[in-house]
Amino acid sequence: MLGNFSYENATKLYFGNNALKYLNREMQHWGKTIQLIYGGGSIKKNGIYDAVVEVLKMNDKIIVEDGGVMSNPTTDKVREGVRIARENNVDFLLAVGGGSCCDYAKAVSISINCDEDPWEKYYINFEEPTCEIVPVGCVLTMAGTGSEMNAGAVLTDPKSHRKYGHVFRNSKVMPKFAILNPEYTYSLPYNQMVSGIYDIFSHICEQYFSGEDDNTSDYISEGLMKSVIHSSLIAIKDPKDYEARSNIMWTATWALNTLISRGKKTDWMVHQLGQAAGGYTNATHGMTLAAVTLPYYRYIMPYGLQKFRRFATEVWGVDPTGKSDEEIAKAGLAALEDWMKTLGVTMSLSELGATEDMIEGIADGTRLLKGGYKPLTREEVVEILKESL
Ligand code: NZQ
Ligand code: ZN
């Protein structure tokens with residue numbers, strides 16, 4: 001492990017099928033007026049809304065409703081959330097939902113006491129918050145993004161077709177606590193469950209496929225990858241297998257709470273490509289990643305051959321006997337492809353609504369990062385996007 005780094009994680013987690021009881025304890029620490037943030041209504045159907053409201057009422061909280069957070073939350077919705085928060089002078093933002101609600105809560109939290117426009121300040125100019133941040137808590141209902149234990153927030157600006165993430169350095173952006181009850185994920189539709197599973201796997205890959213040193217983070221990553229593959233194959237057959245769903249939820253958190261990026265440069269180009277495509281298609285996040293993964297990895301594989309070889313043998317159990325390094329690495333990506341097909345994730349951008357005439361715009365919206373095995377040029381981005389169509 002050759003990097004210099006610090007490690008801190010400010011989020012307290014409560015995990016398990018009894019986890020909601022700790023919301024009561026947490027609510028005793030935070031202010032009176034709670035902005036209750038949720039999505040398009042799933043929590044009203046599965047009973048989570050009622051359970052959360054009961055705890056808030058027990059603690060004499062004033063509840064300020066802020067529902068309708070869409071998947072891939074938009075800049076306009078964040079501006080609306082800021083307005084709601086200011087008008088009601090809220091003390092705390094409680095997100096009840098998936099990564100979209102949690103990201104949205106963070107984006108609102110850093111904008112309430114800030115005069116500048118959130119999109120301009122945080123996503124175009126990449127500034128850090130300078131104002132007082134209103135605290136956020138999260139009751140998670142979907143496993144995938146890791147937003148429950150990190151300082152990232154991704155927004156979409158439909159007018160400019162841009163979808164950008166910002167991982168803030170200020171640990172005050174992180175949720176103060178997150179409640180993770182794996183049973184809450186049972187009601188997810190199948191495509192959201194597998195999209196979340198693929199998102200987890202992609203997060204691990206983004207950090208794993210970088211660097212050439214012998215790094216503890218890579219060994220942890222391999223363990224997490226094996227766990228998510230194993231549990232996914234159980235969950236797709238029996239979505240109510242508690243053990244599998246709990247492993248998936250826990251893996252999601254560790255895949256992106258910054259642990260496995262310690263001492264690593266990290267790549268993140270699958271996410272840059274996928275998010276740029278999401279800016280045009282508004283497609284489900286994990287599916288956009290699935291659509292670009294294989295064209296991208298097949299393209300960069302020769303530049304990081306030894307790591308792709310290791311991925312094949314350590315994660316997928318490819319037998320190296322009698323094979324060249326390239327053959328082994330290719331067999332690893334073939335195994336990944338088989339698993340993706342077994343899950344049923346979307347394997348092409350056109351199935352997500354992208355068309356040939358969007359390619360240049362998607363390429364413009366793709367941030368070119370330099371931490372992976374082959375820093376891409378814009379021309380290479382265009383080729384990979386065409387390959388992903
Ligand atoms: O809106 P509702 O009605 O709640 O329905 C949601 C939504 O339609 C539904 N859902 C969630 N929990 C459910 C449920 N339906 C039934 N039962 C439940 N228990 O699932 C749909 C997707 O939810 P969403 O929150 O949008 O999904 P996800 O958790 O994948 O979040 C996606 C957003 O997170 C960003 C993505 O770009 C995207 O904007 N990301 C955030 C990251 C971070 N903060 O670190 C990293 C990720 O790479 C990602 O970019
Ligand atoms: Zn992701």
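Rule-based calculations on the coordinates, nothing more; no lab input. These numbers come from a predicted model, not from an experiment. Using ideal geometry, Cβ is built from the backbone for each residue, glycine included, and neighbour counts are taken over all protein chains shown.
For Leu305 and Tyr186, the FRET efficiency from 1/(1 + (r/R0)^6), where r spans their Cβ atoms and R0 equals 41 Å, is about 0.50.
Give me the percent relative contact order of segment 12-185, please, defined on Cα pairs under 8 angstrom at least 6 residues apart.
Once normalised by length, the contact order is 28 percent.
Among the GluC sites (Glu not before Pro) in segment 1-82, those placed in a DSSP loop whose Cβ has at most 12 other Cβ atoms within 10 Å are Glu8. Note on segment 68-200: the alpha carbon radius of gyration divided by the globular reference 2.2 N^0.38 Å gives 1.00. What is the fewest-to-most order of Leu140, Leu343, Leu333 by other Cβ atoms lying within 10 Å of their Cβ? Placing the least packed residue first, the sequence is Leu333, Leu343, Leu140.
The amide H of Lys12, built 1.01 Å from its N in the peptide plane, has Phe177, Ala178 as neighbours under 5 Å, considering only residues 5 or more places off or on other chains. Just the projected area, averaged over all directions, of the convex hull on the alpha carbon atoms of segment 270-354: how many nm²? For segment 270-354, averaging the hull's shadow over all directions gives 5.5 nm². Look at the dipole of segment 12-185 built from charges on Cβ: of Asn72, Gly98, Gly31, the Cα furthest out on the positive end belongs to Gly98. Sorted fewest first by neighbouring Cβ atoms within 10 angstrom, Val318, Val90, Val108, Val382 come out as Val382, Val318, Val90, Val108. With loop membership from DSSP and a limit of 13 other Cβ atoms within 10 Å, the longest segment of the chain without chymotrypsin sites (Phe, Trp or Tyr not before Pro) is 127-389. Annotation note: trypsin sites (Lys or Arg not before Pro) in segment 100-180 located in DSSP loop regions with a Cβ neighbour count of at most 14 within 10 Å are Lys159, Arg169.
The string of couplings for segment 19-30 from the Karplus curve (6.51, -1.76, 1.60, θ = phi - 60°) is 4, 5, 4, 7, 4, 4, 4, 4, 5, 6, 8, 10 Hz, one whole number per residue in order, with x for Gly and Pro. Straight-line cross-link partners of Lys121 among the aspartates and glutamates, defined as a Cα under 19 Å from its Cα and at least 8 positions apart when in the same chain: Asp76, Glu80, Asp103, Glu132, Asp157. Residues whose amide H falls under 5 Å from that of Thr156, counting only those 5 or more places apart or on a different chain, are Thr74, Thr75, with hydrogens built in the peptide plane. Loop-located GluC sites (Glu not before Pro) in segment 89-149 (DSSP state other than H, G, I, E, B) with a sparse environment of at most 16 neighbouring Cβ atoms within 10 Å: Glu116, Glu127, Glu132. Pairs of alpha carbons in the chain separated by more than 31 Å make up 34% of all such pairs. In segment 190-388, one over the average inverse separation of all distinct C-alpha pairs is 17.0 Å, which is the Kirkwood hydrodynamic radius. The residues Cys114, Cys205, Cys102, when put in order of fewest to most other Cβ atoms within 10 Å, stand as Cys114, Cys205, Cys102. Placing +1 on the Cβ of every Lys and Arg and -1 on the Cβ of every Asp and Glu, with nothing else charged, gives the chain a dipole about its Cα centre of roughly 700 debye.
Relative contact order, whole percent, for segment 224-328 stands at 16, derived from Cα pairs under 8 Å and 6 or more residues apart.
Rg then Dmax, both in Å and based on the Cα atoms of segment 1-58: 16.2, 51. From the residues Leu368, His203, Gly81, which one has its Cα farthest along the dipole of the chain in the positive direction, the dipole being from +1 and -1 charges on Cβ of Lys/Arg and Asp/Glu about the Cα centre? Looking along the dipole axis, the top candidate is Gly81.
My understanding is that a pair violates if its Cα-Cα distance is over 21 Å; which of Lys32/Lys176; Lys264/Lys370; Lys45/Lys106 do that in this structure? Pairs exceeding the cut-off: Lys45/Lys106.
Tally the DSSP beta bridges in the chain and give the antiparallel ones as a percent, rounded to 5.
Working: 6 of 30 bridges.
Taking every DSSP beta bridge within the chain, about 20 percent pair in antiparallel fashion.
Take every Cα pair under 8 Å whose residues are at least 6 apart in sequence, average their separation, divide by the length of segment 1-112, and the relative contact order is 33 percent.
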